[in-house]
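The values are calculated or read from the model by the stated rules, or taken from the named source; none is laboratory data. In this text the structure is predicted, and so the values were computed from the model without any measurement. Please note: Cβ atoms are built from the backbone with ideal geometry, for glycine as well, and neighbour counts cover all protein chains shown.
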Amino acid sequence: MARIATHSTCESHHRLDVRELARSGLLNGTGTLTWGNGPCVTVNGYSDSLKLEYVIDGEKFHEQISLIKTRVHLGGHRSWFLCPGCDRRIAALYFVKRFRCRHCLDLRYQSQRDTPRFRAISRIQRARMKLGGTGNLSKPLPTRPRYMHACTYQRLVREEKAAWESYASA
């Protein structure tokens, strides 16, 4: 008998990613984030924190999210959020009335709900896409793309074959 999924998924909530904010320059600047059906969030970035302001149902919210930095191997640093709910070092916060990590909100990834057969299909499609084809399983396996090493092509063909065997046995 199948289990009924009771947890909400990360993919169904708006996500605030520290890596995307760093790429866009919002960790040390000011800007606005807008989601199609979510709040409009004003971001004020400082060196050690982010100040978020947004309005939900006429109520104005202000959140201060701390940032920490870790050194990376070849110099520089990587920024992380400190979750306001549990003080974990985290890369992404999700929005459910407030920004919190997936652990505080008890969220799961969609892939955790997938059956073994569906995971096998996803692996087949991923291998075919890397080979330059489409995710369509009814089409034949594409030939080796130009400039792809033969050993890389053979490895991807083996991965695709192993995924088909996994699909058949599930």
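Quick test for you: out of 73, 62, pick the one residue that is outside the structural domain of residue 164 (by TED's automatic domain parsing), assigned to a strand (DSSP E or B), more than 30 Å from residue 150 (Cβ to Cβ) and out of contact with any Ser or Thr (no Cβ under 9 Å at 6 or more places or on another chain). Spell out how you get there, then give the answer.
Working: 73 fails: assigned to a strand (DSSP E or B).
After ruling out the rest, the residue left standing is 62.
State all residues of region 50-59 that are loosely packed, with under 11 Cβ neighbours inside 10 Å and part of a strand (DSSP E or B); if no residue qualifies, say none.
59
Any residue at all in region 134-141 that's surrounded by 12 or more Cβ atoms within 10 Å (Cβ to Cβ) and over 26 Å from the mean Cα position of the chain (by Cα)?
yes
Report, by residue number, each residue of region 31-48 that is under 20 Å from residue 13 (Cα atoms) and either more than 23 Å from the chain's Cα centre (by Cα) or surrounded by 15 or more Cβ atoms within 10 Å (Cβ to Cβ) (or both).
33, 39, 41, 42, 43
Output the residue which, of all residues in region 49-96 that are of a type in the set (Ser, Thr, Tyr) and touching a residue at least 60 places away in the same chain (Cβ under 8 Å), is nearest to residue 11 (Cα to Cα).
This residue is 94.
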